[in-house]
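The block underneath contains the structure these notes are about, expressed in structure tokens.
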Amino acid sequence: MKRQIQIFFAALMFYTRIPCPKKIDCSNIDLNQALRYYPLVGMIVGTISFLIYWGSFFLFGHAIAVVASLVAGVLTTGAFHEDGFADAFDGFGGGWTKEKILEIMKDSRIGTYGTIALILLFALKILSLYIILPQLIIKSWWIVYLFFILYHSLARLTSGNIVFFSQYARDDLTSKVKPVEKHASRTEIICSYVFGLIPLTIFSIREPIVCIVILPLFLLIVKGILYFKKWLNGYTGDCLGCIEQFAEIIIMLTFVAIWKFM
């Protein structure tokens, strides 16, 4: 049990900016193992985002609450995934060889492709949440909470699948995510799926149609693996962040489409 607590806090420290107890020693934890709690961390981030949305809703109204919830998510993770999303767009947009793409993605500066991608990303997120959340509030605040933890955990499970079924592309020691370059074990895969699918399973008990979101996410995984293999012969940490953000948008847009016709 002590080992699992250490692995969990290692995941929390790597994927978020949430302070962890100083007495927890994670120095000997292989971050490959932290993948098992990646979707669980997403549930925590989703909980924080929901609480900020809920409080802001009563103080300022729905529109500001939507933006506040996104701000909360970005601050909680330190823009961990958004950074990867922007870097991936800069790399694949400006590079034409594996070496050039990896070089651009490693650059800490953001380029035109990354800037435009982030603007469009947050525009889609804001509009999607603005449309879907009032429909969920009508049902209950519990459903709203489920939605927040669902889209955060399921998006991280989607990103984790790139690790499960692909290989790491970089072969240098300067990689930002060198510790998670290897294939995950069966334990990491099983735990990730359990934590990643719990919110969706609970939500689907009341609204079975939401399970349809699995289809576009599956297609995203397949497309992501093939695309990264074609250009990089594998994935990088920025690729994982990019897939996670794409997954969040896909989940939101799927819910918007579902509720439009219900």
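The values are calculated or read from the model by the stated rules, or taken from the named source; none is laboratory data. Keep in mind that this is a model prediction, so the values were computed, not measured. When we count neighbours, we look across all protein chains shown, and the Cβ atoms used for this are built from the backbone with ideal geometry, even at glycine.
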- Test each condition in (1) within 17 Å of Gly160 (Cβ to Cβ); (2) crowded, with 22+ Cβ neighbours inside 10 Å; (3) among the aliphatic types (A, V, I, L, M) for Leu220 and report the one that comes out false. (2)
- Please state which of the following conditions Ile110 fails to meet, knowing it meets all the rest: (1) part of a helix (DSSP H, G or I); (2) of a type in the set (A, V, I, L, M); (3) closer than 21 Å to Gly237 by Cα. (1)
- Message: Condition first: hydroxyl-bearing (Ser, Thr, Tyr) and under 20 Å from Arg186 (Cβ atoms). Can you find one or more residues in segment 12-20 that meet it?
- Response: no
- Picking from Ile101, Ile64, Ile126, the residue that is surrounded by 17 or more Cβ atoms within 10 Å (Cβ to Cβ), among the β-branched types (Val, Ile, Thr) and in a helix (DSSP H, G or I) would be Ile101
- Message: Just to check your reading of the model, which residue among Leu40, Leu75 is in contact with a helix residue (DSSP H, G or I) (Cβ under 8 Å, 6 or more places away or on another chain) and not aromatic (Phe, Trp, Tyr)?
- Response: Leu40
- Item | Yes/no for Arg170 being surrounded by 14 or more Cβ atoms within 10 Å (Cβ to Cβ), under 15 Å from the mean Cα position of the chain (by Cα) and either at pLDDT 95 or above or more than 22 Å from Leu121 (Cβ to Cβ) (or both) | no
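Examine segment 39-58 for a residue that is at pLDDT 95 or above, part of a helix (DSSP H, G or I) and surrounded by fewer than 13 Cβ atoms within 10 Å (Cβ to Cβ), and state whether such a residue exists.
Scanning segment 39-58, I find at least one residue that is at pLDDT 95 or above, part of a helix (DSSP H, G or I) and surrounded by fewer than 13 Cβ atoms within 10 Å (Cβ to Cβ), so the answer is yes.
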- Message: Being under 21 Å from Ile251 (Cβ atoms) and either touching a Pro at 6+ places or on another chain (Cβ under 7 Å) or part of a helix (DSSP H, G or I) (or both) is the filter here; which residues of segment 12-38 pass it?
- Response: Tyr15, Leu35, Tyr37, Tyr38
- Query: Right, Leu226: buried (at least 20 other Cβ atoms within 10 Å of the Cβ) and modelled with pLDDT of 95 or more or not?
  - Reply: no
